[in-house]
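Below is one structure; the comments refer to it alone.
The values are calculated or read from the model by the stated rules, or taken from the named source; none is laboratory data. For clarity, every value in this text was computed on a predicted model and none was experimentally measured. Neighbour counts are summed over all protein chains in view; Cβ atoms, including those assigned to glycine, are modelled from backbone coordinates with ideal geometry.
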Amino acid sequence: MSIAAFPKRLHERLRCNEPLSPHTTLRVGGPAEYYVEATSLRDVADTVHAARELGLPLHVLGGGSNLLIADEGVKGVVLCLHGMKSINVFGSKVQVQAGANLSTLVNRCSAEGLAGPQTLAGIPGTVGGALAMNAGGRYGEIADYVERVIWINPEGELQSLYREEIKFAYRISELRHGVVIEAVLQGTVGDRKALIAHARDILQQKLAAQPYSEFSAGCAFKNPMGQSAGKIIDLAGCKGLRVGGAQVSDRHGNFIINTGEARAAEVIELMRQVTQRVFEAHGIELQPEVQVWPRRGLQAA
Ligand SMILES: Cc1cc2nc3c(=O)[nH]c(=O)nc-3n(C[C@H](O)[C@H](O)[C@H](O)COP(=O)(O)OP(=O)(O)OC[C@H]3O[C@@H](n4cnc5c(N)ncnc54)[C@H](O)[C@@H]3O)c2cc1C
């Protein structure tokens, strides 16, 4: 199938065989068969419609900070919303498009005296990805601030959902089955200087504990109920464990890093070995947090 099969107005936004590895923080994985960079709701709607008409799977790419893309790449259409990133703070609320960078959102909220999203400081990626993954940490998660979300649902319909209509769980939400377009987040009014300091403090804590300057997809595994995945991975003797260019970080056991030339297959094999060792040592079956494209056995629920 060629680009000609897509509606004409999408052609200038569409590329074939786009390498995806540079679009991810782990820097592994093959190309997307088709890649669309949307700059408007119309682009998104046209892309969703075209993928459905052509019978192609659709994947939504945010900042690629929680993704493990297979070496053979991804069939179908990869849709990216980086061109949709407006942020409007009004009092205790902020209206933000899915392609906005989460850190930019946190900084804008702090600078404009909106308290709440500072708890998400230091989490890479986009607002769309954060909503799809219910990103968060020890101080809170994005679901805590959601008032409503506009998305294209899995049936291809544009829909506005209030917080109570959306299923959020630990590091996952149903929104990843559709395309998040924008959201309104609700916080409270706060003191700008204090908010900037608070966000900086949380960022510093993350920088001190995690291998931020390395290529990774963040936490490879979800924390099992009441336990730290990083700790039990360390206790199972996995720190520094290596398969090819993929390595369990020396700084944080739950981070798998690409030391330079890793392939996705090596990361997947390393995750398998870690899962096995942890099961043997603790009887706990780790669940991946990282999203694998295309879906395969190793996949977050
Ligand atoms: C160094 C480092 C530290 C990290 N620390 C944390 C942390 O503290 N807490 C935490 O929760 N995560 C953390 N992560 C993981 C990651 O940053 C989050 O999961 C982030 O929210 C993913 O956003 P993204 O835009 O990069 O999404 P991507 O990785 O691009 O995509 C992740 C999933 O979201 C879906 N998605 C993306 N955009 C949309 C959209 N618009 N509509 C629907 N679905 C969409 C994708 O299809 C995919 O299923 C960390 C990652 C790194 C590399």
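Conditions (1) of a type in the set (Lys, Arg); (2) more than 24 Å from residue 258 (Cα to Cα); (3) in contact with a helix residue (DSSP H, G or I) (Cβ under 8 Å, 6 or more places away or on another chain), marked per residue:
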| residue | (1), (2), (3) |
| --- | --- |
| 7 | no, yes, yes |
| 58 | no, yes, yes |
| 61 | no, no, yes |
| 72 | no, no, no |
| 84 | no, yes, yes |
| 99 | no, yes, yes |
| 109 | no, yes, yes |
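Are there any pairs with C-beta distances below 7 angstrom linking a residue in segment 159-184 that is in contact (Cβ under 8 Å) with a residue 60 or more places away in the chain to a residue that is of a type in the set (Lys, Arg) and within 12 Å of the ligand (Cβ to nearest atom), with the two at least 6 apart or on different chains, and if so which?
Close Cβ pairs (under 7 Å, with a partner that is of a type in the set (Lys, Arg) and within 12 Å of the ligand (Cβ to nearest atom)) amount to 171/222.
Listed residues 116, 122; which is more than 10 Å from the ligand (Cβ to nearest atom), on the phi > 0 side of the Ramachandran plot and crowded, with 18+ Cβ neighbours inside 10 Å?
116
Among (1) touching a residue at least 60 places away in the same chain (Cβ under 8 Å); (2) in contact with a His (Cβ under 9 Å, 6 or more places away or on another chain), which single condition is residue 220 missing?
It is condition (2) that residue 220 fails.
Restricting to segment 157-191, name every residue that is assigned to a loop (DSSP other than H, G, I, E, B), within 21 Å of the chain's Cα centre (by Cα) and either of a type outside the set (A, V, I, L, M, F, W, C) or not assigned by TED's automatic domain parsing to the domain that holds residue 123 (or both).
Of everything in segment 157-191, those that are assigned to a loop (DSSP other than H, G, I, E, B), within 21 Å of the chain's Cα centre (by Cα) and either of a type outside the set (A, V, I, L, M, F, W, C) or not assigned by TED's automatic domain parsing to the domain that holds residue 123 (or both) turn out to be 167, 170, 171, 178.
Looking only at residues in segment 140-158 that are in contact with a Lys or Arg (Cβ under 9 Å, 6 or more places away or on another chain) and without any contact (Cβ under 8 Å) to a residue 40 or more places away in the chain, which one is surrounded by the most Cβ atoms within 10 Å (Cβ to Cβ)?
So, considering only residues that are in contact with a Lys or Arg (Cβ under 9 Å, 6 or more places away or on another chain) and without any contact (Cβ under 8 Å) to a residue 40 or more places away in the chain, the one surrounded by the most Cβ atoms within 10 Å (Cβ to Cβ) is 149.
In this structure, is residue 233 of a type in the set (Val, Ile, Thr), part of a helix (DSSP H, G or I), out of contact with any Ser or Thr (no Cβ under 8 Å at 6 or more places or on another chain) and not assigned by TED's automatic domain parsing to the domain that holds residue 126?
For residue 233, the condition - of a type in the set (Val, Ile, Thr), part of a helix (DSSP H, G or I), out of contact with any Ser or Thr (no Cβ under 8 Å at 6 or more places or on another chain) and not assigned by TED's automatic domain parsing to the domain that holds residue 126 - is met.
All but one of (1) within 21 Å of residue 125 (Cα to Cα); (2) in contact (Cβ under 8 Å) with a residue 24 or more places away in the chain hold for residue 103, so report the exception by its number.
(2)
For segment 137-180, which residues satisfy the criterion of being more than 10 Å from the ligand (Cβ to nearest atom), β-branched (Val, Ile, Thr) and under 27 Å from residue 57 (Cα atoms)?
Once the filter is applied, which keeps residues that are more than 10 Å from the ligand (Cβ to nearest atom), β-branched (Val, Ile, Thr) and under 27 Å from residue 57 (Cα atoms), segment 137-180 yields 150, 166.
Which residues, taken from segment 254-282, are at pLDDT below 95 and either among the small types (Gly, Ala, Ser) or not assigned by TED's automatic domain parsing to the domain that holds residue 235 (or both)?
Listed by number, the list holds a single entry, 260.
Is one or more of the residues making up segment 49-64 in contact with a strand residue (DSSP E or B) (Cβ under 7 Å, 6 or more places away or on another chain), more than 11 Å from the ligand (Cβ to nearest atom) and not in a loop (DSSP other than H, G, I, E, B)?
The answer is yes, given that some residue of segment 49-64 is in contact with a strand residue (DSSP E or B) (Cβ under 7 Å, 6 or more places away or on another chain), more than 11 Å from the ligand (Cβ to nearest atom) and not in a loop (DSSP other than H, G, I, E, B).
Please work out which residue is surrounded by the most Cβ atoms within 10 Å (Cβ to Cβ), limiting yourself to segment 2-16 and to residues that are touching a residue at least 24 places away in the same chain (Cβ under 8 Å) and under 29 Å from the mean Cα position of the chain (by Cα).
The qualifying residue surrounded by the most Cβ atoms within 10 Å (Cβ to Cβ) is 6.
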